[in-house]
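Heads up, the thing below is written out as structure tokens.
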């Protein structure tokens, strides 16, 4: 079998330059890939000024990383980290080099950034965490580091130089002199300069270092990859919460012990038997737990019920007159087939539904009259309940017209 290339031009078949099945077979969680022209002619939907303004808002997760280089006289370089929100007066005072602004969940705050997500529908949507946007002044960086999740790094504006270490067992020791998890040693095997529309895919565990060649914006489409410890912790918590207190260690077959102080093999067999009583070997129970977990995992915000609630008759009338239900940007949804019908998972809650309703609601960021009418009674009942909980906002036709006028 011939080696697959590490660089490809996707002009003829964006965004991967190949069929999704080929990418998943040859690259996904296996090896890096530089994709030239993944988004040909790409123009960033936001500006550096937009990003700075967002970083000043309450509730937005933003960080500022500055690099103070050593002066060559024995002083070591320093990496400084600040967390937002930031005062608007900060940015005009920053130097013209060696700093980076990073803002998480920009897809939740900006609909034009969120419009990029369908390009990644070759992956399960519940695997996608967020689109982080970073602005780097010339020379700006966050240092050489390694991530434990897959990431697509789309160059949106300006140029960024990327260096990676693609060796099988790279050194992964961290520097002890900074709160950032930076690598003590980084030896690049590949180096590329990316311009707008170019994209770098990195599987977990690949050391990399991105440096702003000039003032630039990079969109990082990151995946959700809970650790085994996170999965186990939540799973055990769920089992404990649902456990019957009557399920206990039992020893009706107890025989006189050879040594009353010994925990013998028979006792350990009974311990295993007691633990097995709590084992989640029911696919529906296990699926419900995971659906609740993954639609809450790493959530950067949550929906809340609004003020004056409209009656269902009013809501349905507004939909018929051109209104739409818009899902809260931080409300994650996923669905799965169950023993009977399906389950829709909404921000950590499960809802039984017919398969058709569950799949349609999960896929739709907005619900108009046509989609609402296509749902069954159970799907419509749930939508109205979710609207009352703040997972949707109703925008009437007048609201939409006023918004267009503001633009």
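Since every read-out is calculated from the coordinates, none of them should be taken as a lab result. For clarity, every value in this text was computed on a predicted model and none was experimentally measured. Cβ: placed from backbone, ideal geometry, glycine included. Neighbour counts: every protein chain shown.
Averaged across orientations, what area in nm² does the convex hull of the alpha carbons in segment 178-294 project?
15.1 nm²
Highest-first packing order for the peptide set 370-383, 103-116 is 103-116, 370-383, based on the mean count of other beta carbon atoms within 10 Å. The Kirkwood hydrodynamic radius of segment 7-223, based on inverse pair distances between different Cα atoms, is 17.8 Å. Entry note, the chain: relative contact order of 13 percent, from Cα contacts under 8 Å with a spacing of 6+ residues.
Here the Debye sum runs over all C-alpha atoms of the chain as equal scatterers in vacuum, and log10 of I(q)/I(0) at q = 0.06 Å⁻¹ comes out as -0.34. Any number yet on Rg/Rh for segment 77-118, C-alpha, Kirkwood? Expressed as Rg/Rh, it is 1.08.
The convex hull defined by the C-alpha atoms of segment 269-407 has an orientation-averaged projected area of 10.7 nm².
Using the beta-carbon distance between residue 276 and residue 173 and R0 = 45 Å, what value does 1/(1 + (r/R0)^6) give for FRET efficiency, to the nearest 0.05? Each step should come with its number before you reach the end.
Values: r = 40 Å, r/R0 = 0.90.
Computed FRET efficiency for residue 276 and residue 173: 0.65.
Computed over the Cα atoms of segment 161-204, the ratio of the radius of gyration to the Kirkwood radius (Rg/Rh) comes to 1.02. Once you reduce segment 170-244 and segment 344-361 to the center of their Cα atoms, the two points are 31 Å from each other.
In vacuo Debye scattering of segment 92-207, one point per C-alpha: log10 I(q)/I(0) at q = 0.10, 0.16, 0.24 Å⁻¹? Rounded to two decimals, the profile gives -0.35, -0.92, -1.57. Principal axis extents of the C-alpha atoms in segment 52-159 (largest first, rounded to whole Å): 51, 31, 24. Of the peptides 354-361, 171-178, 391-398, the ranking by mean beta-carbon count within 10 Å, highest at the top, reads 354-361, 391-398, 171-178.
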